[in-house]
Amino acid sequence: MADQPTPPVAGNEPELTDEERLHQMGYAQELNRSMSRFSNFAISFTIISILSGCLTLYGFGLQHGGPPTMLWGWLIVGVLVLFAGLSMAEICSAFPTAGGLYYWAAKLAPGNSAPIWSWFTGWFNLVGQVAVTAGISFGCAFSVSAFLALYTNQSYWLLPKYTIGILVIILAVQGLLNTFSIKLVALLNDVSVYWHLIGVAVIVIVLYVAPSSHSHQSAGFLFASPGVQAFKGLSGFVFFPYVFLVGLLNAQYTFTGYDASAHVSEETIDARIAAPKGIVNSIWISLVAGFILLLGVSLAIPHVFPVTIEHVVYKNYSDIALAVVPWATIFEYAAGRIAAELLILIVIGAQFYCGMSSVTANSRMIYAFSRDGAVPGSEFWHRINPRTRTPTNSIWFAAVGAFILGLPYLFSPVAYFAVTSIAVIGLYIAYGIPILLRLLAGDRFQLGPWHLGRWSYVVGWIAVIWIVFIAILFVLPQAAPGNTATTFNYAPVAVGVVLLYSGGYWFLSAKNWFKGPKVQGTADELAKIEADLAAAG
């Protein structure tokens, strides 16, 4: 494979500038490298978005074991995800490129197998990225629908056609913001960190101090049997261990997208340190803040029934769990209509930031994958806007792809849960492959300046085992009976389509021409690419 760039050398790695390391990997500095260490962390933290994931799937959690599933599940999943993040961060330090996962797989795979590992990693990453963008922005659209329904006292805003219409507007605005410049997106991501942390604090405090007509839920309800019994059987399954495991989707879906720090590494200053730290810090800070959020919302679940909220009578816990937007219902019950509207606006802001950042990361992955010729129409998707130094075409690929994945909600209310499962499975398969290849590579892998030392193998194998487990778990039935249009889990079908498409494409065509990441040229050619972009801008 003559195209292969020089592998990193541990001894001189810290002495290289960001541009020199990128040139060493075979790429020109086409993107604008102006993102700070904090901004790199901010994009992954924003995509994890506890105010998006935790609340968007809060109803799913209530239907799958209630608060005990969500709270214990959050802690379990968060710790195991941290192992995956640590392993990815170590690889990212050695290979700080926008391609991220598929590039890592190519460099870590043995012998001539690099292209096929890179190909499948890239396609799972691409589909997972599009799905997570769809899930995030759809959740934002759902929250806007809930706000409008509450503000106007008109429930028709919650109809699927209005939610999809709002989704179009949200994705269009997110696409436009990404088109302008990375500096604007970085600034908004920085703001987003404070929006999330202060927003969580405000929501939890308001929900704790506002209620005056009831007491808060007990610790037993939140962590033990009373909470399980209150929401028992809503998924259709009665075997609680299975219900609990399926309910982990709430946490696992939230802990996605932190590979964004890698995808913007070509725009980050001191990327070999900043990007791995961005991955790890985004996970553990989200773990702490997300637990506080879930605890605060669950404490405010109605204590005594029946409850009347805006002329709607909720007779039991099942009615709360099956509400169109359960968390918004809890907000209104606990804090009243006006305060609930303000809290919902906080959530909407966080979800919008999250979707905007997801479009950023998604577009960079599409740009890099296209740069290496792996996407149909690669030359078009790889183009850089010389004025803004952003991959404009890839940005709109990401936004339109997310819209297409959200469309099935018009016909099936469970389609959204399938999208979240697709995001989890697609992304974590893409996360797991380079981690596994790094473990198998042994001493062939040359460490970057940020690494785990002797803990690499322990941490890595725990991550791989967990990823295999959840990839199987989330294609299983999520509701019983699972053979109806409203309960069928479409995730295995979607994953099968990805395998069929990428596998068929590979064996029928790509194996003859895709050789993995390509070198853009010699040192002089890379310099010319950069000079031409600078002159055009």
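Here segment 356-499 yields Rg over Rh of 1.04, to two decimals, using C-alpha coordinates and the Kirkwood radius.
The phi-based Karplus calculation (6.51 cos²θ - 1.76 cosθ + 1.60; θ = phi - 60°) puts the 3J(HN,Hα) values of segment 218-223 at 7, 5, x, 5, 7, 10 Hz, whole numbers, x for Gly and Pro. A simple rule links phi to the HN-Hα coupling: the Karplus curve 6.51 cos²θ - 1.76 cosθ + 1.60 with θ = phi - 60°, which for segment 111-120 gives x, 8, 7, 3, x, 5, 5, 5, 4, 6 Hz, with x for Gly and Pro.
Taking the Cα centre of segment 336-400 as the origin, how large is its charge dipole in debye, to the nearest 20, when only Lys and Arg (+1) and Asp and Glu (-1) carry charge on their Cβ atoms?
180
Projecting the Cα atoms of Leu322, Met356, Gly373 onto the dipole axis of the chain, where Lys and Arg carry +1 and Asp and Glu carry -1 at the beta carbon, places Leu322 farthest toward the positive end.
Would you please state the base-10 log of I(q)/I(0) at q = 0.12, 0.16, 0.20, 0.22 1/Å for segment 125-225, with intensities from the Debye formula using one equal scatterer on every alpha carbon? For segment 125-225, the Cα-only Debye profile gives -0.66, -1.02, -1.17, -1.19. Just checking my list [x] 0.94; [y] 1.03; [z] 0.98 against Rg/Rh (Cα atoms, Kirkwood Rh) computed from this structure; which label fits? From the options [x] 0.94; [y] 1.03; [z] 0.98, the structure gives [z].
Against the main long axis of the alpha-carbon atoms of the chain, helix 392-406 sits at an angle near 30°. Per-residue surface analysis assigns Lys511 an accessible area of about 100 Å², computed on protein heavy atoms at 1.4 Å probe radius. Computed on segment 87-176, with alpha-carbon pairs under 8 angstrom and 6+ residues apart, the relative contact order is 18 percent. Ordering Gly165, Ser145, Leu248 by Cα displacement along the dipole of the chain toward the positive end leaves Leu248 in first place; charges were set at the Cβ atoms of Lys, Arg (+1) and Asp, Glu (-1). What the chain shows is 36 Å² of accessible area per residue, with the surface traced by a 1.4 Å probe over protein heavy atoms.
For Tyr314, the residues whose modelled amide H falls within less than 5 Å of its own, excluding neighbours fewer than 5 places apart on the same chain, are Val307, Thr308, Ile309. For the chain, the longest principal axis of the C-alpha atoms and the axis of helix 456-473 are separated by about 50°. The residues His263, His311, His451, His382, sorted by heavy-atom accessible surface at 1.4 Å with ligands and nucleic acids left out, run His311, His451, His382, His263 from largest to smallest.
The mean sequence separation of alpha-carbon pairs under 8 Å and at least six residues apart, normalised by the residue count of segment 357-397, gives a relative contact order of 39 percent.
Across segment 148-153, computed HN-Hα scalar couplings (Karplus, 6.51 cos²θ - 1.76 cosθ + 1.60, θ = phi - 60°) run 5, 5, 6, 5, 9, 6 Hz from first to last residue, x flagging Gly and Pro.
Between the amide H of Asn385 and those of Thr390, Thr392, distances stay under 5 Å, these residues lying 5 or more places away or on another chain, with hydrogens modeled in the peptide plane. Note on Ile205: accessible area is roughly 100 Å² with a 1.4 Å probe, heavy atoms of protein only. Annotation: amide H of Thr268 within the under-5 Å range of Met35, sequence separation 5 or more or interchain, hydrogens built in the peptide plane.
Each helix, a run of at least 4 DSSP H residues, gives -39500 (n - 2.57); summed and divided by the residues of the chain, these come to -22000 deg cm²/dmol at 222 nm. Between the Cα long axis of helix 415-441 and the first principal axis of the chain there is an angle of about 40°, rounded to the nearest 10. Across the chain, C-alpha contacts under 8 Å between residues 6 or more apart give a mean separation that, scaled by the residue count, equals a relative contact order of 33 percent.
Note on Arg444: accessible area approximately 130 square angstrom, rounded to 10, probe 1.4 Å, nucleic acids and ligands left out. Report note on the peptides 387-397, 100-110: ranked by the mean count of other C-beta atoms within 10 Å, highest first, their order is 100-110, 387-397. How large a share of the accessible area of the chain, in percent, is made up of carbon and sulfur atoms when the probe is 1.4 Å and the other protein chains stay in place? So the carbon and sulfur contribution to the accessible surface is 69 percent. For the chain, a crude dipole built from +1 on the beta carbon of Lys and Arg and -1 on the beta carbon of Asp and Glu, taken about the Cα centre, is about 620 debye to the nearest 20. Which one of Ala535, Thr522, Leu500 has its Cα pushed farthest toward the positive end of the charge dipole of segment 458-537, where Lys and Arg give +1 and Asp and Glu give -1 at the Cβ? Most positive-ward Cα: Leu500.
The values are calculated or read from the model by the stated rules, or taken from the named source; none is laboratory data. On a predicted model such as this, the values are computed, not experimentally measured, just so you know. Neighbour counts are summed over all protein chains in view; Cβ atoms, including those assigned to glycine, are modelled from backbone coordinates with ideal geometry. Calculation scope for accessible area: heavy atoms of the full protein, side chains included, ligands and nucleic acids excluded. Shrake-Rupley method; radii C 1.70, N 1.55, O 1.52, S 1.80 Å.
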